[in-house]
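Undergrad: Can you read through this structure? Questions will come right after.
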Amino acid sequence: MRITVSLIKADIGAIGGHTAPSAEVLAIVRERIQKAKGSLLIDAHVGHTGDDLAFLMTHTHGADDPRVHQLAWDTFLAATEKAKGQGLYGAGQDLLRDAFSGNVRGMGPGSAEIEFDERPSEALMTLVADKCGPGAFNLPLYLAFADPMYSPGLLLSEGLHDGFTFHIMDMDHTEGDRLIVLEAPERLYDIAALLRDTNRYAIESIWSRKYPTEQAAAVGTTRLRNIAGRYVGKDDPPAIIRTQKMFPATEEFGPAFGVGAFVGGDTRGSHNLPLMPVPMNTPASTFFCVPMVSALGFSMHDGILTEPIDLFADPFWAHVRDRVAAKAIEMRKQGFFEPATLPFSELEYGGIVVRLGKLEKEFSIRDGSGDGKAAPIGAPAGVEDPD
Ligand code: 13P
Ligand code: MG
Ligand code: MG
């Protein structure tokens, strides 16, 4: 059976800051989404990570279906009404446009969707992150889909041996979002050169090379800043990943997320801290809003989902979280000094940016220190790298 899995998320307000949606908001959302089961939707699951609500929906209408997106949008609007009524912080935060035009993309909410012919044992994993940007998944997905040191299936399984095709989004190009398609392992170094810059480039999708019509992963790459033109909150990406058989096994993602890589986000969206794997429905951390990600495992048949397995909740992850917390505490000791804060170009709050503009006037060129021309950016033409 050909099934579409849609994961749509938004932050529409939280209790006492950017923490978690209220029980009343969750009740409204669950009721609305559940009501669509058996008509528009086959099945659905509602949850949250930090202050981000996420709807997982299965149906047969393909990606970008206006009715499915409308359902999500209308549900976010109804939830926002409740959030406003309760005085929740940042009520309606991610709803950046008034008139719905058929798709939540470009309107604030994030979405990840995959359409596929269901396998006899269809295994899925959903990821919902909070307090970080879409590039937060770059390292774990690179390790799980392209590095045999982390992903032994690349060596042990014929289904994975040909590698995977990475679709990578340039989220910060002046003319709009641009996409590049690169195949691993041949273009591994080019993939690495892009993915290292998690603030600019993000994996958008990953595809099997042995079975080229089979999509392995979809990641939401919405950048709220690009839509709103100013900081309104972090992007907090969702992702759907198909696992097992022709894809990496569910447990092959564990060590990759266990790294707890430093990513941009956290307090005021302007800092670097390690990405902490957390159980589902975890509120944001009062320790400086450390970035977090939850992972749910599902099986599916004819579009009907089993109950989720909370993939970062088993006892092992307590140890990982302790390590990630220690990394976060160390980083916070250096306060506002980079790389604890993001570089100038990525700072989400105007304060420092405005201040540096004002300080420009107070600078003067030191006598005899140059020719008055602006410093060149990068190495001059014809200069070879030293060995
Ligand atoms: P969210 O993007 O999760 O709303 O967080 C915003 C923020 O600035 C937290 O300090
Ligand atoms: Mg928020
Ligand atoms: Mg959030």
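The values are calculated or read from the model by the stated rules, or taken from the named source; none is laboratory data. Please read all numbers here as calculations on a predicted model, not as lab measurements. Ideal geometry is used to build each Cβ from the backbone, glycine not excepted, and the neighbour counts take in all protein chains shown. Accessible surface is based on the protein model in full, side chains and every heavy atom, while ligands, DNA and RNA are left aside. Shrake-Rupley method; radii C 1.70, N 1.55, O 1.52, S 1.80 Å.
Undergrad: Could you pull the accessible area for V46 with a 1.4 Å probe, rounded to 10 Å²?
TA: Using a 1.4 Å probe on the heavy atoms, I get roughly 10 Å².
Undergrad: Here is a further query. For F100 and R323, what is the calculated FRET efficiency with R₀ set at 45 Å and r taken between the beta-carbons, to the nearest 0.05?
TA: Using R0 = 45 Å, I get an efficiency of 0.55.
Undergrad: Could you give the nm distance between label points at D147 and N281, where each point is 7 Å from its Cα heading toward the beta carbon?
TA: Placing both labels 7 Å beyond Cα along the Cβ direction yields 3.4 nm.
Undergrad: Counting only the heavy atoms of the protein chains, how much of M300 is accessible to a 1.4 Å probe, in Å² to the nearest 10?
TA: 10
Undergrad: Now for a separate question. Please report how many Lys pairs in the chain have alpha carbons closer than 26 angstrom, counting only residues at least 8 apart along the chain or sitting on separate chains.
TA: Here the count comes out as 21.
Undergrad: While we're looking at this one, here's another question. Report the one residue of V263, A202, A218 whose Cα lies farthest in the direction of the positive end of the charge dipole of the chain (charges on C-beta: Lys and Arg +1, Asp and Glu -1; origin at the Cα centre).
TA: Selected residue: V263.
Undergrad: Let me ask something else about it. What residue among R105, R323, R230 has the largest mean-square fluctuation in a Gaussian network model of the chain, using Cα springs under 10 Å?
TA: R230
Undergrad: While we're here: Leaving ligands, DNA and RNA out of it, rank D190, D310 by accessible area with a 1.4 Å probe, largest first.
TA: D190, D310
Undergrad: Moving on. Among A72, A63, A326, which one moves the most in a GNM of the chain with springs linking Cα atoms closer than 10 Å?
TA: Between A72, A63, A326, it is A326 that shows the largest mean-square fluctuation.
Undergrad: A follow-up question, please. Subtracting the Cα-Cα distance from 0.36 nm times the residue separation, let me have the gained length for K35 to T60 in nm, one decimal.
TA: 7.3 nm
Undergrad: For a quick check, take a GNM of the chain with Cα springs below 10 Å and name the residue from E122, E186, E113 with the largest mean-square fluctuation.
TA: Largest GNM mean-square fluctuation: E186.
Undergrad: So, one more: Taking just the alpha-carbon atoms of the chain, what radius of gyration and Dmax come out, in angstrom?
TA: Cα radius of gyration and Dmax of the chain are 21.6, 77 Å respectively.
Undergrad: Starting from the residue with the highest accessible area, list R355, R2, R119 in decreasing order, probe 1.4 Å.
TA: Sorted by accessible area, descending: R355, R2, R119.
Undergrad: Continuing with this model, one more query. Measure out, as a whole number of angstrom, how far apart the alpha-carbon centroids of the stretch 132-180 and the stretch 26-41 sit.
TA: 33
Undergrad: What Rg and what Dmax come out for the stretch 196-353 when only alpha-carbon atoms are used, in angstroms?
TA: 17.3, 53
Undergrad: Out of every Cα pair in the stretch 113-263, what percent are spaced more than 28 Å from each other?
TA: Of the Cα pairs, 16 percent sit more than 28 Å apart.
Undergrad: Step by step: find N for the stretch 302-369, compute 2.2 N^0.38 Å, then divide the Cα radius of gyration by it. What's the final number?
TA: 2.08
Undergrad: Here is a further query. With labels modelled as points extended 7 Å from the Cα through the Cβ direction, what inter-label distance (nm, one decimal) is found for L156 paired with Q86?
TA: The modelled label-to-label distance comes out at 4.4 nm.
Undergrad: Let me ask another. What's the local net charge at D74, with K and R +1, D and E -1, over the other residues with C-beta under 12 Å away?
TA: Spelling it out: positives minus negatives among the neighbours equals +2.
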